1. Quick check: net charge around ILE196, other residues with Cβ under 14 Å of its Cβ, Lys/Arg +1 and Asp/Glu -1?
2. I need the per residue convex hull volume for the chain, using only the alpha carbons, in cubic angstrom as a whole number.
3. What order do you get for 49-57, 93-101 when each peptide is scored by the mean count of other beta carbon atoms within 10 Å, highest first?
4. Quick one: if you stick a label point 7 Å off each Cα along the C-beta vector at THR131 and PHE100, how many nm between them?
5. As I understand it, the value is the acute angle between the Cα axis of helix 85-99 and the longest principal axis of the Cα atoms of the chain; what does it come to in degrees, rounded to 10?
6. Can you list the residues, at least 5 places off or on another chain, whose amide H is less than 5 Å from the amide H of ILE196, using H built in the peptide plane?
7. Please give the contour-minus-distance gain from ASP210 to LEU227: 0.36 nm per residue of separation, less the Cα-Cα distance, rounded to one decimal in nm.
8. In terms of the Cα gyration tensor, with a ≥ b ≥ c the square roots of its eigenvalues, is segment 56-101 rounded because a/c is under 1.5, prolate because a/b exceeds b/c, or oblate?
Amino acid sequence: MDLKNRFSTIFFDADDTLWENERYFRAAEAKFIELLADYTSPEGVQDMLWRKQEDNIPLFGYGSKTYMIGMTDAALELCGGVLPEHIYYGVKKIITELAFHELEIIEGVEETLKALQGRYKLIVATKGDLTEQMGKFRISGLAHYFHHCEVMENKDEKNYLELAAKNDLDPSEIIMIGNSVKSDIAPVVNIGGMAIHTPHEVVWVHEMMDMPESDRIIAVEKITDVLKHLI
């Protein structure tokens, strides 16, 4: 589909679209399962962690800090209400390593941004902890390609309508590029915008959903493929 000259602004997701993210959370999850191995099965640890994460996201949002709270809550329940010292410090170590891992830019991202810069206004539209996400944005080395970075409270229809209004765009003028069907594709299409799905091999269970049917969704194999549609 040829989208040239149809949009002035392009929004990009950040985590697992511009840089690697979820695989570090999966690695942290594996360490947590190993840490709690004496208390229940790997499946039991994973299920408890997922349930605690779901409980905490509405209260504390997204990011490694919320993940630490979820791990602590899960460990406390699995340990019978008393958290041993080695478990507490084990969780703290896992989260510290998660929060300060080296940022790895996904292959093809810089090539894509270089080609689009100057033709469109480029804006990052991400969600999560403000300090954490802005920190990633600043150290990524990609900030000079973008007009600015929007850290959204969530990524649902309401938030995208607010994003459109904040950037003086009609909802139909939004085009979003991202890897998450739940956060980057479905809500944008639901408000009348356009979305390009750039898949990532690792998807957070919280973000999983079936791809909706719409002629306003383009699926590509890798991020550089968006150029075929935009320039």
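1. Details: positive: LYS4, ARG6, ARG216, LYS222, LYS228; negative: ASP2, ASP13, ASP184, ASP215, GLU221, ASP225.
Net charge around ILE196: -1.
2. On the way: hull volume 26.9 nm³, N = 231.
Enclosed volume per residue, from the Cα hull, is 117 Å³.
3. The densest-packed peptide leads the list: 49-57, 93-101.
4. 1.4
5. Approximately 10 degrees, to the nearest ten.
6. MET176, ILE177, GLY178, ILE218
7. Details: separation 17, 0.36 × 17 = 6.12 nm, distance 2.50 nm.
Once the chain is fully extended between ASP210 and LEU227, it gains 3.6 nm.
8. Working: a/c = 3.79, a/b = 1.23, b/c = 3.07.
Verdict is oblate for segment 56-101.
Only the coordinates and a few stated rules stand behind these numbers; no lab work does. Keep in mind the model is a prediction, meaning the values are calculated, not measured. Using ideal geometry, Cβ is built from the backbone for each residue, glycine included, and neighbour counts are taken over all protein chains shown.
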